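The values are calculated or read from the model by the stated rules, or taken from the named source; none is laboratory data. What you see is a predicted model; the values in this text were computed from it and never measured. Counting neighbours? That spans all protein chains shown, and the Cβs are built from the backbone with ideal geometry, glycine included. Quick note on the areas: whole protein, heavy atoms, side chains included, nothing else; ligands and nucleic acids left out. Shrake-Rupley method; radii C 1.70, N 1.55, O 1.52, S 1.80 Å.
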Amino acid sequence: MSSAATRSASTSARLDRAKMRKISTASVIGTTVEWYDLFLFGTASALVFNRIFFPELDGAIGTLLSFLTFASAYLARMVGAILFGHFGDRVGRKSMLLISLIAMGAATFAIGLVPDFNTIGIAAPLLLLTLRLIQGLALGGEWGGAVLMTVEHAPENKRGFYGSMVQIGVPVGTLIANVAFLLVAANLSEADLLSWGWRVPFLLSAVLVGVGIYIRLNIEETPSFQKVRETGAKAKIPFADLMRKYWKQVILGGVATLSTGSTFTLLVASGVNYGTTELGHSSDTMLWAVMFACVLAFVAIPFFGRLSDRVGRKPIIFAGVAAEALLAFPMFWLMDTGSVPLMFIGYGLMMLAFSANYGPIATFLAELFGSKVRYSGLSVSYMLSGLLGSAATPAITVALLAATGQSSSIAWYVMGAAALSLIALYLLTETRHGNIDAVEAAPSSESVDAPAGLVESAEVAR
């Protein structure tokens with residue numbers, strides 16, 4: 001190769017890297033805003049909402065209803081996945097990202113303005129529920145689009161890494177949400193916190209949303225969708241096409257991802273509630289434990305995403321899910337000692353297991369579907385996992401503790417979710433070498449329909 005050609009190739013590589021940095025940054029910031037908004041609600045549910053929106057109920061029942069309101073968004077997320085997936089597969093990824101981000105920001109800001117129960121009575125929790133549903137609709141469409149903007153632009157040998165960068169938005173958004181709450185709680189009396197202080201983090205979300213919108217306006221549509229558009233292969237009703245051709249992948253993908261939701265929700269919502277109400281830790285202590293775990297995830301998630309580019313998605317995800325199951329009892333043993341350092345160790349170990357599971361899962365789910373219906377398939381599958389795993393976890397853990405008084409009941413719940421995920425993951429094929437620009441076909445098409453021998457032959461052929 002001539003020196004001129006070498007310089008040209010080097011320049012092209014630098015431009016490609018700069019483009020991917022821009023795209024991944026836009027996706028990370030956008031998902032950080034979305035998850036900040038979503039998990040801010042989860043933190044408030046554990047610490048505040050049961051006292052200001054359900055004040056006339058028994059403590060456990062008020063907390064349960066608060067968490068049920070938290071869970072309501074997961075039903076809306078499934079509707080949002082279908083709705084935004086339809087237009088994402090027909091109109092494009094970029095426009096859906098902007099619409100969903102604006103909707104999430106508006107709903108979160110409005111939550112900060114809702115009067116409490118003592119001011120407007122039953123209308124207060126009803127307004128809270130309505131805005132929570134809007135949050136769910138928005139996230140149902142946003143996450144899938146953010147993943148596709150990175151995965152469909154990324155080089156084949158780095159799809160796992162760039163897909164995991166989108167996943168960083170979960171711990172970073174949670175970290176910012178907890179820092180915001182910790183700062184407010186540290187500088188206000190309890191009366192002021194319950195009166196108006198809790199509203200500040202919700203109102204501040206407007207700033208983050210503005211930044212996210214500005215950055216996302218400057219990114220390009222993905223090559224995979226451009227190919228769908230150029231070939232005239234758009235599905236008339238993407239969800240119908242999805243369920244006709246890929247229904248097994250949707251269900252198995254959702255169940256395989258189930259444990260990510262139950263584990264993370266355990267750490268950031270149920271664990272906070274358990275630590276404060278059952279173990280007597282201060283809310284500040286529990287928020288610090290969550291933030292410590294989120295910092296670990298910030299480093300670990302892209303590490304495991306990159307590792308999945310070398311050894312495959314399934315081995316890393318499988319190891320993460322198995323570790324979640326193995327750590328379920330030890331985590332609560334460490335918490336039940338009452339020692340804050342040991343609790344931090346338990347939180348950290350479980351978050352590392354979660355990171356191995358969660359880092360490659362976005363890319364893995366995206367690679368299960370052809371680009372013609374990929375927005376719908378990725379979104380519906382992931383939101384199904386949230387509905388099965390995240391939505392019910394806080395309410396179930398509160399009910400289990402009320403019924404048994406034993407943390408072991410929660411550990412068994414976590415292990416059960418992990419077992420289901422392992423079975424579903426086993427039934428899906430490895431997707432690392434699939435053609436991400438394939439309009440109709442997908443690597444997963446062999447995993448659930450073909451005989452085992454054919455699957456093995458196909459895997460070797462790749």
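Axis angle, to the nearest 10 degrees, between helix 283-311 and the longest C-alpha principal axis of the chain: 10 degrees. Inverting the pair-averaged 1/r between distinct Cα atoms of region 283-426 gives 16.3 Å as its Kirkwood hydrodynamic radius. Of all lysines in the structure, the ones whose alpha carbon falls short of 29 Å from that of LYS234, not counting any fewer than 8 places away in one chain, are LYS19, LYS22, LYS94, LYS158, LYS245, LYS248, LYS372. One compactness figure for the chain is 0.96, namely its Cα radius of gyration divided by 2.2 N^0.38 Å.
Output the Kirkwood hydrodynamic radius of region 294-364, Cα pairs only, in Å rounded to one decimal. Don't skip to the answer; put the middle values down first.
Details: mean 1/r = 0.0812 Å⁻¹.
Computed over region 294-364, the radius equals 12.3 Å.
The separation of region 159-196 from region 96-120, counted between C-alpha centres, amounts to 16 Å. With a 1.4 Å probe and all protein chains left in place, how much of the accessible area of the chain comes from carbon and sulfur atoms, in whole percent? It is 68 percent, rounded to a whole number. Divided by 2.2 N^0.38 Å, where N counts the residues, the Cα radius of gyration of region 206-317 comes to 1.54.
Assuming a ≥ b ≥ c are the square roots of the Cα gyration tensor eigenvalues, decide whether region 349-429 counts as rounded (a/c under 1.5), prolate (otherwise, with a/b larger than b/c) or oblate. Prolate, since a/c reaches 1.5 and a/b exceeds b/c. Positive-end ranking of ALA366, PHE41, LEU287 along the dipole of the chain, with charges on Cβ about the Cα centre, is headed by ALA366.
The largest-to-smallest principal axis extents of the Cα set in region 157-225 are 53, 24, 14 Å. Among THR263, ILE237, ALA138, which residue has its Cα furthest toward the positive end of the charge dipole of the chain, with +1 on Lys/Arg Cβ and -1 on Asp/Glu Cβ? Ranked along the dipole, the leading option is ILE237. When averaged across all projection directions, what area in nm² does the alpha-carbon convex hull of region 164-269 cover? Spelled out: convex hull of the Cα atoms, projected over all directions, averaged, 10.5 nm². Taking amide H positions as modeled 1.01 Å from N, with prolines and chain starts lacking one, the residues under 5 Å from THR429 and 5 or more places away or on another chain are SER447. Percent of C-alpha pairs per 5 Å bin in region 365-410, short distances first: 5, 22, 16, 13, 11, 9, 9, 8, 5, 2. For region 81-204, a/c is not less than 1.5, where a ≥ b ≥ c are the root eigenvalues of the C-alpha gyration tensor, and a/b does not top b/c. That puts it in the oblate class.
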